[in-house]
Amino acid sequence: MEIVNIQRDLMGVPFASNNDLGIKVALFDSGISAELPTADAGAGFVIICHTGTVALNYAQRSYTARARDMVILFPRDIYTLKNPSADFTASWISYTPEVAEKVLNDFPPSFYSYLAQHPIYNLSDTEAYTNRMEYFKLLFSRLADSGNVCRNEICLYLLRSLFMEILNRIVNNFTIDTSEPKHRSRLLEEFINRVNSTPQCREVAYFAQLLDISPKYLSAIVADGTGMTAKEFIDRAAVKAIKDLLSQTSLSVTQIADRLHFFGKGNLCRFFKTNTGITISDFKRSPKPTK
C-alpha cells in the first residue's frame with residue numbers, strides 16, 4: 001500500500017494518538033489540514049474531506065473524494081491517494097489491524113463487500129456530517145486524555161460506534177445487491193486457480209495482494225462463494241496436495257515438506273494432523289480407492 005503525502009504542512013494541526021492502542025486522530029483546523037502518516041502502511045483510515053478534491057485508486061478502480069465525502073479504508077487495503085486540489089483539507093482517523101480485529105470482529109461479510117465497492121460516500125445532510133465529526137472530536141479528546149484510566153476502552157468503543165453508524169447507514173439507506181457480480185465471480189475463480197496451482201503458499205494476504213484486493217474483501221468473496229473462510233480453503237488445498245504427493249509419488253515426508261515450503265517434517269505432520277484428524281502414518285496405512 002502506498003500513501004502519498006497529500007498535504008503541505010503539519011504546523012498547527014491538532015493531533016492526538018495512543019501508540020499503545022493503535023489509534024490516531026488528526027483534525028483539520030485553522031486552514032491547515034493533516035498529513036496522512038506514511039509510516040503506517042498497514043493502517044486503516046476513516047477520512048472526512050472538508051474542502052477540495054483528492055483522487056483515490058482502490059481495488060483497480062478510480063474515485064474522486066469531494067467535500068463532505070467520507071472515505072473508509074481497511075488495514076492492509078491496497079490504494080493510493082493522489083492529486084489533491086490546492087484547497088483540499090481533511091480530518092482522519094487511522095487504526096491498526098489489531099484495533100480492527102477488536103472493533104470489527106463480528107461485522108457481517110456484506111459490510112466489507114459493500115465498502116470494498118463503495119469506499120466513498122457523501123455525508124450529504126448537515127446532521128450526518130456533524131454526527132461523524134463528533135466521533136472524530138470525541139476520539140481526539142479521549143486519546144489526549146492520558147489521565148483517564150479507561151482511555152483505551154473508551155476509544156475502542158467510540159471507534160466501534162462510528163463503524164456501527166456506518167453499517168446502519170448502509171443497511172437503511174442503500175440496497176445491497178446480494179447477487180454475486182461478475183467481477184466477484186472472476187476474483188473467486190482466479191483465487192481458486194491460484195490456490196490450487198501454488199499449494200506451497202498458504203497466507204490469505206499473499207493471494208489478496210496478487211488479486212490487488214484487501215484480505216477482508218477476499219475473505220468475504222470466498223465465504224460467499226464457497227461457505228468457507230479463505231484460510232480454510234487454502235488449508236484444504238494444501239492438505240489435498242499433501243495427500244496427492246503421498247499417494248502418487250515416492251517422495252519422503254521431508255521432501256514433501258521442502259516442496260510445499262513447510263518448515264521441516266514436524267511442521268508438515270502437525271499441519272496434516274490438525275486439518276485431517278489423522279497422522280500421515282495413519283493416512284499411508286489406510287486403503288486407497290481403486291481407480
Next on the checklist: Can you tell me which of (1) within 19 Å of residue 77 (Cβ to Cβ); (2) crowded, with 16+ Cβ neighbours inside 10 Å is the one residue 206 doesn't meet?
Outcome noted: (2)
Checklist entry - Within the group 121, 112, which residue is crowded, with 16+ Cβ neighbours inside 10 Å, hydroxyl-bearing (Ser, Thr, Tyr) and touching a residue at least 60 places away in the same chain (Cβ under 8 Å)? => result 112
Checklist entry - Do we find that residue 86 is surrounded by 16 or more Cβ atoms within 10 Å (Cβ to Cβ) and either assigned by TED's automatic domain parsing to the domain that holds residue 42 or of a type in the set (D, E, K, R) (or both) in this structure? => result no
Checklist entry - Among the residues of the range 263-282, which ones are within 16 Å of residue 236 (Cβ to Cβ) and without any contact (Cβ under 8 Å) to a residue 40 or more places away in the chain? => result 268, 271, 272, 273, 274, 276, 277, 278
Item to check | Residue, farthest from residue 209 (Cα to Cα), within the range 59-117, restricted to residues that are part of a strand (DSSP E or B), charged (D, E, K, R) and in contact with a strand residue (DSSP E or B) (Cβ under 9 Å, 6 or more places away or on another chain) | outcome: 69
Next on the checklist: For the range 262-277, give me each residue that is modelled with pLDDT of 90 or more and assigned to a loop (DSSP other than H, G, I, E, B).
Outcome noted: 262
Checklist outcome for this item: In the range 37-87, anything aromatic (Phe, Trp, Tyr) and either within 29 Å of residue 20 (Cβ to Cβ) or modelled with pLDDT of 85 or more (or both) is listed as 45, 63, 74, 79
Next on the checklist: Looking at the range 124-141 only, could you name the residues that are more than 26 Å from residue 81 (Cα to Cα) and in contact (Cβ under 8 Å) with a residue 24 or more places away in the chain?
Outcome noted: 141
Next on the checklist: So the check is Cβ under 6 Å with 6+ separation or different chains; which pairs have a first residue in the range 238-261 that's touching a residue at least 60 places away in the same chain (Cβ under 8 Å) and within 19 Å of residue 285 (Cα to Cα) and a second one that's charged (D, E, K, R) and part of a helix (DSSP H, G or I)?
Outcome noted: none
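The values are calculated or read from the model by the stated rules, or taken from the named source; none is laboratory data. Quick caveat, the model's predicted, so the values are computed rather than measured. No Cβ is skipped: glycine too gets one built from the backbone with ideal geometry, and neighbour counts run over all protein chains shown.
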